[in-house]
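Below is one structure, written out as structure tokens; the observations come after it.
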Amino acid sequence: MSSLLHNSVRAVVIRGLTFREWLQSRVTYNPLTPRVYLNPYPKYVELRAKDPVHWSPLLESWIVTRYADADAILRDFKRFSNDPRNHRTSRPPTPIENPGGFSMLFFDPPDHTRLRSLVSKAFSPVAIAALAPRIRGIVDELLDQISDPGRFDLIDALAYPLPVIVMAEMLGIPAGDRAQFKSWSDRRARILEPTIRPEEIEDANRATYELDDYFRTIIAERRVAPRNDLISVLLETQDGNEKLTQDEMLVMLRLLLIAGNETTTNLIGNGMLALLRNPDQLQLLRDQPALMENAVEELLRFDTPVQLDRRFARVDLEIGGKSIRTGQAITLVLGAANHDPAVFPEPGRLDLTRRNASHVSLGRGVHHCLGAPLARLEARVAFTAVLERFADLQLMTATPDFRDNVVLRGLRTLPMAARMNSRSETSAPSVVSTAAC
């Protein structure tokens, strides 16, 4: 009963806030509604046309939808902070626990610079390119387990397990612990979503402490007997006299786990859905496998795996004629920026040959995604292997099942049908580039 009352009160409050929002600008932005999170792009068009720098009382944030504004803000860490402690708000903080402190994702230079420099070598394009053969092996093993190509779920078969296996192997996690490893990642990742429920916050906090306890054991083992894995590398890495503390190591591992799983799953799932809905582009990729690198960039742009990013104004300033006060939040709608027609002609059209501009799906500036080379490589390998193995790929649903996420846009399932390629049809060379990402 108390839950029903809470939901009713919440609905009334939201209606009141959005009505006032509409009176002020004749447009509203409520990403929590199914109409928006199932397909946010029509709402982005409306926002960009009517109020491209838009105040949302519901999110207590400015909503930025133009590419030029988002790109400039992402690059300018001096005026726009990642640190939530710079947010001036009257709302009570959520009871999300961060033992050991925030991750470097929420730090500004110089603290962010120090932490990133200590882990960046492990994610350099050269280091990631060396993983290509093993990633292809994992993809082939997963595809081998599809018993009936006539009906399978790509999320369950490939997009979901691939990134967790890759990250688990990089960290030196035993194969038998992968399921628990993924469970901790999924539960903790919910903290990024405004749709998170109170019971999910409690579960996410439990997952955090359980994960930290697990990593403490692994770290202790690696201190005594280092291995050829990322945890051992992080323990040995130092920049001058600087090394990661134990707390910093735990926070870093939590970040790598979540960032390395969710975004890649969404890239593969959203990307394959886009190809299935655009069979001409799917056939183009079959006919011209050398397009694979460019195709992954277009798929990142077309249905952005991470839809939103956030900054906090360090000083009073102006964006698009709107006065932004110190401490106010600014939500960068990356999915909208990637569909800005001022930068991407016909943005709603999937075009695997598009080369005129770069998307903002992986960020910009000092906070550009550290794992970008890995995510790109996993996607290239996954799409290449699927196209080599299967013919006549078909989407088996008219209503793909997206999760009710606002930040991390991705599918729960992607039911597909295909038939195995004959030997003559698999003669096209595999394209898994090891070029810098």
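So which of Leu284, Leu300, Leu267, Leu291 is closer than 30 Å to Arg75 by Cβ, surrounded by fewer than 23 Cβ atoms within 10 Å (Cβ to Cβ) and of a type outside the set (D, E, K, R)? Before the answer, list the steps.
On the way: Leu284 fails: closer than 30 Å to Arg75 by Cβ; Leu300 fails: surrounded by fewer than 23 Cβ atoms within 10 Å (Cβ to Cβ); Leu267 fails: surrounded by fewer than 23 Cβ atoms within 10 Å (Cβ to Cβ).
Of Leu284, Leu300, Leu267, Leu291, the one residue that is closer than 30 Å to Arg75 by Cβ, surrounded by fewer than 23 Cβ atoms within 10 Å (Cβ to Cβ) and of a type outside the set (D, E, K, R) is Leu291.
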* **Selection within the stretch 299-314 - more than 11 Å from the chain's Cα centre (by Cα) and closer than 10 Å to Val360 by Cβ** => Arg301
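Answer yes or no as to whether Ile63 is part of a helix (DSSP H, G or I) and modelled with pLDDT of 95 or more. If you could, list the steps in order and put the result at the bottom.
Numbers: part of a helix (DSSP H, G or I): no; modelled with pLDDT of 95 or more: yes.
Criteria not met by Ile63.
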* To do: Report the residue count in the stretch 404-427 for those that are modelled with pLDDT under 95, surrounded by 17 or more Cβ atoms within 10 Å (Cβ to Cβ) and in a strand (DSSP E or B).
  => 1
* To do: Considering every residue within the stretch 88-107, establish whether at least one is touching a residue at least 24 places away in the same chain (Cβ under 8 Å), under 23 Å from the mean Cα position of the chain (by Cα), surrounded by 14 or more Cβ atoms within 10 Å (Cβ to Cβ) and over 30 Å from Glu169 (Cβ atoms).
  => no
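Go through the stretch 344-403 and give me each residue that's part of a loop (DSSP other than H, G, I, E, B), among the aliphatic types (A, V, I, L, M) and over 13 Å from Leu267 (Cβ atoms). Explain how you work it out, then say what you get.
The initial filter retains those residues of the stretch 344-403 that are part of a loop (DSSP other than H, G, I, E, B), namely 344-364, 368-371, 396-400, 403.
Filter again for among the aliphatic types (A, V, I, L, M), leaving 350, 352, 357, 360, 362, 370, 396, 398.
The answer is Leu350, Leu352, Ala357, Val360, Leu370, Met396, Ala398.
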* Asked: Residues that are among the charged types (D, E, K, R) and touching a Lys or Arg at 6+ places or on another chain (Cβ under 8 Å): which helices (runs of 4 or more DSSP H) entirely in the stretch 248-340 hold 1 or more of them?
  -> 292-302
* Enumeration of residues in the stretch 69-87 that are more than 25 Å from Asn30 (Cβ to Cβ), touching a residue at least 60 places away in the same chain (Cβ under 8 Å) and not polar (S, T, N, Q) -> Asp71, Arg75, Asp76, Phe77, Lys78, Arg79, Asp83
* Asked: Are any residues in the stretch 337-364 surrounded by fewer than 13 Cβ atoms within 10 Å (Cβ to Cβ) and modelled with pLDDT under 95, and if so, which ones?
  -> Arg355, Asn356
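The values are calculated or read from the model by the stated rules, or taken from the named source; none is laboratory data. Keep in mind the model is a prediction, meaning the values are calculated, not measured. Every residue, glycine as well, gets a Cβ built from its backbone with ideal geometry; the counts of neighbours run over all protein chains shown.
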